[in-house]
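Just so it is clear, none of the values below were taken in a lab; they were calculated from the coordinates. As the structure is a computational prediction, the values presented were derived from the model and not from experiment. Glycine also receives a Cβ, built like all others from the backbone with ideal geometry; neighbour counts cover every protein chain displayed.
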Amino acid sequence: MSSSSPNQPSQKSISGVICGASAFLIWGISPLYWKLLMSVPALQIAAHRVVWSFVFVLPIVVFGKRKSELFSTLIDLRAMALLALTSLLVGCNWLTYIWAINSGYLLQASLGYYINPLVNVLLGTVFLKERLRSYQSVAVILAGTGVLYLTVVYGQFPWIALLLAFTFGFYGLIRKVIQVGSLTGLAMETLLLTLPALGYLAYADYQNIGAFLNLQVGIDLLLVGTAFITAIPLVLFAMGARRVQLTTLGFLQYIGPSGMFLMAVFLFKEPFRPEQLICFILIWTALVLYSIDSLIHYRKTKT
């Protein structure tokens, strides 16, 4: 018994890294999936993503170990009100992300997820009264400078990047307050969004513009598969988060936007001008400082 116990923490950490990296890798290469649905309007894709995610996740929650959490959340009026807000935020985030990919703005979408950790720090300062540490302050200023430079010099306000970063940032902020499990929260959010999503899909079908069952079988299967592309990385992320340190998870999160960035530039050949490169360099420098600060703070706290 005692001889195997020293290996358990390392094995647990390795499995956690694998789960976390797999989640971020799926998120990073998911644009390939959404590109296959370019013939379908983004709003319809998002609506199908809501409906099929609800169909997929609800049985897992009900028949799993989260049933009591689901029912206790349903009768908690405050939690349901906050989940209604997070459902709007995640719906806006999904729609913007899918539209950006299929409209040729994957590069800007990757920028949004690069600056998301810095937006989280900023929101924590404003709403949770957390104090910015020195490296964090410099990182936020550098990120803001990058966005301002892109807006003024390049003449393009990165609204997609900022909308993705802030909707996801506020989503995470509110979910911290609710303290509901990731899968249970997703089940409740998709539940709240399913009725309007079904209403829109019915209207689209009535107007003869609905894609489901009206195009190819492959498109129908891909629309149903949006549930898997949504839920599976969430499950892997939750498994990884329980097994690794927060700083490790912080480093792993850059896999997602890095995958998006590489695909945007080298696979989809999106325009990448020097002004955009300067903006990204400022953001990457900010993230290096942010990561160093997180590592230093973690070691001090551990000590």
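Here are the numbers for this structure:
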| item | result |
| --- | --- |
| In order through the range 97-107: 3J(HN,Hα) via Karplus (6.51 cos²θ - 1.76 cosθ + 1.60), integer Hz, x for Gly, Pro | 5, 5, 4, 4, 4, 7, 10, x, 10, 5, 4 |
| Candidate lysines for bridging to Lys269, where Cα separation is under 20 Å - those fewer than 8 sequence places away on the same chain excluded | Lys35 |
| Among Asn208, Leu77, Ser13 the positive-end extreme of the charge dipole of the chain (Cβ point charges) | Ser13 |
| Shape box of the range 32-100 [Cα atoms, principal axes, largest first, Å] | 40, 25, 15 |
| Of Thr167, Thr226, Thr125, the one that fluctuates the most in a GNM where the chain has Cα springs shorter than 10 Å | Thr125 |
| Between the range 154-209 and the range 68-84, the alpha-carbon center distance in angstrom | 18 Å |
| The range 1-136 shape via C-alpha gyration tensor axes, a/c threshold 1.5 | rounded |
| Anisotropy class of the chain from Cα gyration tensor, a/c 1.5 cut | oblate |
| Value at 222 nm in deg cm²/dmol, rounded to 500, when DSSP H runs of n ≥ 4 in the chain each add -39,500 (n - 2.57) | -27500 deg cm²/dmol |
| Signed unit charges on C-beta, dipole axis of the chain, positive-most listed residue Phe56, Leu198, Gly256 | Gly256 |
| For the chain, built as a Gaussian network whose Cα springs stay under 10 Å, the top-fluctuating residue of Phe237, Phe24, Phe251 | Phe251 |
| Charge-dipole axis of the range 13-302 as Lys and Arg at +1 and Asp and Glu at -1 on Cβ define it, positive-most pick from Leu89, Ser182, Ser39 | Ser182 |
| DSSP-assigned coil residues among trypsin sites (Lys or Arg not before Pro) in the range 26-124, each with at most 12 further Cβ atoms within 10 Å | Lys65 |
| Dipole in debye (nearest 20) - the chain, about Cα centre, beta carbon charges: Lys, Arg +1; Asp, Glu -1 | 980 debye |
